Amino acid sequence: MSRADLDTAPGDPDRPRLILVATPIGEDGDLSARALETLRAADVIACEDTRVTRELLRRCGIEAPRLIACHDHNEAQSAAGIVKLIEDGAKVALVSDAGTPGISDPGYRVVRAVLDAGLEVGALPGPASPILALSLSGLPTDRFVFLGFPPRKSGKRQAFLTPYSELPATLILMESPQRLGETVADALEVLGDRQAALAMELTKPFERVFREPLSALKARLAEAPRGEAILLIEGAKEKKGRTNKYAEFSKAPKRG
């Protein structure tokens with residue numbers, strides 16, 4: 001297929017392209033009607049774990065098309081294959097196991113490869129645990145920074161957090177239950193005893209959000225909890241008599 005053949009009308013739902021589809025982070029009902037239709041219509045679904053996606057499709061009553069693996073260990077190779085599929089006329093949906101592709105999940109390299117090849121990328125809005133946690137946290141939402149997963153070792157984790165110690169924006173981190181207590185302790189050491197929120201098992205039956213200072217969270221996490229976690233930490237406050245190098249960043253934009 002020539003590049004000219006790919007220049008179809010933007011409204012044509014059958015045009016070859018990559019479509020990012022956000023999948024539920026716990027509740028199947030959060031899969032939108034558009035996402036369901038896109039998955040039904042896809043020629044190929046690229047997924048982080050074919051077993052997880054196949055089971056999701058089964059629960060949603062969708063007959064699985066061709067599934068190909070696209071995960072952290074093969075993303076570069078998979079991206080090249082996805083480009084070839086789209087060039088040959090396929091509609092390829094990209095999903096991760098849960099949430100939005102590319103947000104602490106595979107996806108970025110695929111998007112970059114498809115764009116570099118001059119092909120189209122589309123996306124459907126849907127579940128994203130960092131944003132859901134932010135909206136529930138009670139912390140400021142006008143400025144925030146998503147940091148993903150911090151390093152596993154304490155020293156590297158503290159070094160990772162240090163550049164953000166004066167940033168006047170809510171910090172959002174993802175962490176495993178096993179390292180969560182250590183990460184909170186390092187955040188307390190580097191950032192001080194700021195207000196924080198810990199969102200656990202979002203959209204699932206045992207969803208809970210703890211809103212308290214880092215010191216209280218540290219005590220709460222003396223024993224490792226169960227479930228997926230998002231840690232949110234209050235941003236830095238302005239100090240009297242001291243110029244904050246992020247002052248311009250912290251100014252709210254003028255409206256109107």
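The values are calculated or read from the model by the stated rules, or taken from the named source; none is laboratory data. Because the structure is a prediction, the values reported are computed rather than measured. In this analysis, Cβ positions are derived from the backbone assuming ideal geometry, glycine residues included, and neighbour counts consider all displayed protein chains. Quick note on the areas: whole protein, heavy atoms, side chains included, nothing else; ligands and nucleic acids left out. Shrake-Rupley method; radii C 1.70, N 1.55, O 1.52, S 1.80 Å.
Residue by residue, here is whether (1) of a type in the set (Asp, Glu); (2) in contact with a Pro (Cβ under 7 Å, 6 or more places away or on another chain) holds:
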site	(1), (2)
73	no, no
88	yes, no
91	no, yes
116	yes, no
138	no, no
145	no, no
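Just one of the numbered conditions (1) among the hydrophobic types (A, V, I, L, M, F, W, C); (2) closer than 28 Å to residue 202 by Cβ; (3) surrounded by fewer than 20 Cβ atoms within 10 Å (Cβ to Cβ); (4) in contact with a strand residue (DSSP E or B) (Cβ under 7 Å, 6 or more places away or on another chain) is not true of residue 41: (2).
For the range 95-113, a residue qualifies if it is over 23 Å from residue 56 (Cβ atoms) and buried (at least 17 other Cβ atoms within 10 Å of the Cβ), and exactly one does: 113. Buried (at least 16 other Cβ atoms within 10 Å of the Cβ) and charged (D, E, K, R) - does that describe any residue in the range 58-69? Within the range 58-69 (the criterion being buried (at least 16 other Cβ atoms within 10 Å of the Cβ) and charged (D, E, K, R)), the answer is no, since none of the residues qualifies. Exactly one residue among 27, 48 is surrounded by 19 or more Cβ atoms within 10 Å (Cβ to Cβ), out of contact with any Gly (no Cβ under 8 Å at 6 or more places or on another chain), among the acidic types (Asp, Glu) and under 25 Å from residue 130 (Cα atoms), and that residue is 48. Scanning the range 110-165 for residues that are without any contact (Cβ under 8 Å) to a residue 24 or more places away in the chain and within 18 Å of the chain's Cα centre (by Cα) returns 131, 135, 151.
Among the residues of the range 145-160, what is the count of those that are within 18 Å of residue 133 (Cβ to Cβ) and either crowded, with 16+ Cβ neighbours inside 10 Å or among the aliphatic types (A, V, I, L, M) (or both)? Spell out the reasoning first.
At the first step, the residues of the range 145-160 found to be within 18 Å of residue 133 (Cβ to Cβ) are 145-150.
Those left that are additionally either crowded, with 16+ Cβ neighbours inside 10 Å or among the aliphatic types (A, V, I, L, M) (or both): 145-147, 150.
Result for the range 145-160: 4.
Of the numbered criteria (1) open to solvent by less than 30 Å² (accessible area, probe 1.4 Å); (2) part of a loop (DSSP other than H, G, I, E, B), the one residue 79 fails is (2).
Looking across the range 133-144, the residues that are surrounded by 18 or more Cβ atoms within 10 Å (Cβ to Cβ) and either closer than 16 Å to residue 101 by Cβ or small (Gly, Ala, Ser) (or both) come down to 133, 137.
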